[in-house]
Amino acid sequence: DETKASEDETITFGAYADLSFGVFGLEAEVMSGNFDNGSTDSSPIGYHIMPSLKINDHFDIVARYAYLDGDSAKDIDISDTSRKAPDGSAEDYAEANSYYFGGNWYIDGHNLKVTAGYEMAEYQADAGDADVSGFRARLQLLF
């Protein structure tokens, strides 16, 4: 339907900050959007805050809290937000909270680094809640 296609509208925005105070760091981000497409409009919002502590030139420790409000009971799919999540249900969720604690090993600055940590995530919906947790590791190579 050509009329419906012309009524669809998407507006998004985001803000990001990365601050350093000596050995302390703070990263924060907020993202939101307004998705109008007929009868299924939604305005999700999400943010994260991640403090860090530099141990030396090669190591730091980090913690992160992240929140996502999907703006409806069917906007967040666990497998979209937690990689390899064992989601055996067809249930989608309205809100998600995640907590991460880990560290970074800078072998060659950000050009070559290893990141590892543990993440716990909670998903809420009217039909019930779900929890996902696991160890994450990543090797970053920039060239």
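In terms of other Cβ atoms within 10 Å, TYR93, TYR100 run from fewest to most in the order TYR100, TYR93.
Seen from ILE11, the other residues with C-beta closer than 13 Å to its C-beta sum to a net charge of -4, counting Lys and Arg as +1 and Asp and Glu as -1.
Rounded to the nearest whole Hz, the Karplus-based 3J(HN,Hα) values (6.51 cos²θ - 1.76 cosθ + 1.60, θ = phi - 60°) of the range 95-104 follow the sequence 9, 9, 10, 9, 10, 10, 9, x, x, 10, with x at glycine and proline.
The fewest-to-most ranking of GLU119, GLU9, GLU29 by surrounding Cβ atoms within 10 Å reads GLU9, GLU29, GLU119. If you take all other residues with their beta carbon under 9 Å from the beta carbon of PRO51, and give Lys and Arg +1 and Asp and Glu -1, the sum is 0.
Values quoted throughout were computed directly from the atomic coordinates according to the rules given, and no laboratory measurement underlies them. Note that the coordinates shown come from a computational prediction; the quantities given were computed from them, not determined experimentally. For neighbour counting, all protein chains shown are included, and Cβ atoms are generated from backbone atoms with ideal geometry for every residue, glycine included.
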